[in-house]
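Take a look at the structure below.
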Amino acid sequence: MKAIVIDAPGDESAMHLGEVPAPVLEPGCIRIRVAATAVNRADLLQRQGLYPPPPGASEILGLECAGEVVEVATDVEGWRAGDRAMALLAGGGYAEEVVVHAGSALHVPGRLSLEEAAAVPEVFLTVFLNVFRLGALPEGGAVLVHGGGSGIGTASIQLVKAAGGTVVVTAGSEEKCRRCLELGADLAVNYRTGDFVEAARRATGGRGVDVVLDSIGAPYLEKNLAALAVGGKLVLIGLMGGARAEIGLGPLLVRRLEVIGSTLRARPAPEKAAIAAAFRGRFGAALDQGEIRPIVDRVLPLEQAPEAHRLVKASEHFGKVVLRVA
């Protein structure tokens, strides 16, 4: 089968289209003929040799996909050949076929094309896990999300608003702030010129937010904690700005704050299945009815994966960049 191949870690030019063996169907799994995959920042890190796949996972890039089920293991129920599936992957999405544990796949709503569906699994399940399960967002609670124009940001805005919450986002331009507000954000702050701590307090009557979802890391640590309400949770899902920081621990004690580190990729299949099932139970109807939807900035053919990575690296997109595979 065709797939994006990396001969050695490096910049975007390290990727090219090549031939690789098709994955073997294993018990508990389904085989999907991939129609589309989507680019995540984790892909950029893996391409550079900075984020290796978990043991046993495909070395091919790609943490999500959508397509048609073409083969089902004999011990799997609820799937059959011909079904449209979107799946959370530990790797392998930049290819014509994937094999994935059935519990990590969701049926594609009729309203979505397969290219749109490819932009759902990684970001929507990440937000659901970290804001609603680990962050335990209370009813009517407030969230601060960094990178409001990213895939994570656009998914966060929609899920928090669907749950009746308040969402404050940061973004790197006035145009992206405007689009976040149009999508439903209550407040959008240009992080180059504005103060997101002040914004978080203003949006909550001075109380602070219940959850901060952060992919930046060290440079934002102290300010993230300052933006939290008493008993609030900082959920760290990335380290784009750096991994080492120093803070005073007093505020964590006095204000009963929690700092939680989280990744989704390396979790065992049963955990991913539980997350997917819980997401479907809470937000499946909203997804089916089009009340929440993936935001796709553009669709490029698979062979243009280098260009897709350049776009994401430069943050020139709003929402997700999708790669058309078939």
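Nothing in this text is a laboratory measurement; each read-out follows from the coordinates by a stated rule. Only a predicted model underlies this, so the values are computations on that prediction, with no experimental measurement involved. Cβ atoms come from the backbone with ideal geometry, glycine included; neighbour counts cover every protein chain shown.
Compute the label zone of L252 within region 189-233: residues whose backbone N is under 18 Å from the point 7 Å along Cα-to-Cβ.
Once the point is set 7 Å along Cα→Cβ of L252, 211-233 turn out to lie under 18 Å by backbone N, inside region 189-233.
If r is the Cβ-Cβ distance from R202 to L300 and R0 is 41 Å, what FRET efficiency results, to the nearest 0.05?
0.60
Pop the C-beta distance of A285 and S173 into the FRET formula with R0 = 30 Å and round what comes out to the nearest 0.05.
Using R0 = 30 Å, I get an efficiency of 0.30.
Quick one: which residues, 5 or more positions from A142 or on another chain, have an amide H under 5 Å from its amide H? H modelled 1.01 Å from N in the peptide plane, none for Pro or chain starts.
Amide H neighbours of A142: T166, D210, V211.
Positive end of the dipole of the chain, charges at C-beta (+1 Lys, Arg; -1 Asp, Glu), about the Cα centre: which of P251, H146, N190 has its Cα farthest in that direction?
P251
Straight-line reach from K2: which lysines have Cα under 25 Å away, leaving out those fewer than 8 places along the same chain?
K313, K320
What are the semi-axes of the equivalent ellipsoid for the chain, taken as the square roots of 5 times the Cα gyration tensor eigenvalues, largest first, in whole Å?
They are 33, 21, 18 Å, listed largest first.
Whole-Hz ³J(HN,Hα) for each residue in region 89-99, computed from phi via Karplus 6.51 cos²θ - 1.76 cosθ + 1.60 with θ = phi - 60°, x for glycine and proline: what do you get?
Per-residue couplings from phi come out as 10, 8, x, x, x, 7, 7, 6, 9, 9, 10 Hz.
Can you work out the Karplus-derived ³J(HN,Hα) for every residue in region 47-52? Use 6.51 cos²θ - 1.76 cosθ + 1.60 with θ = phi - 60°, whole Hz, and x for glycine or proline.
4, 8, x, 9, 8, x
Percent relative contact order of the chain, based on C-alpha pairs within less than 8 angstrom and at least six residues apart? Before the final figure, lay out the partial values.
Numbers: 753 pairs, mean separation 62.5, N = 326.
Result for the chain is 19 percent.
Please build a GNM for the chain, connecting alpha carbons under 10 Å apart, and tell me which residue among E12, E258, E175 fluctuates the most.
Ranking E12, E258, E175 by mean-square fluctuation puts E175 first.
Would you please state which residues of region 82-110 a label at A269 would reach in this model, taking the label point 7 Å out along Cα→Cβ and a backbone N cut-off of under 14 Å?
88-91, 99-105
Which one, C180, V39, A85, projects farthest toward the positive side of the charge dipole computed for the chain from Cβ point charges (K/R +1, D/E -1)?
Of the options given, the answer is C180.
Among the lysines, which fall within straight-line cross-link reach of K233, defined as a Cα-Cα distance under 20 Å, with same-chain neighbours fewer than 8 residues apart omitted?
K233 reaches K161, K223.
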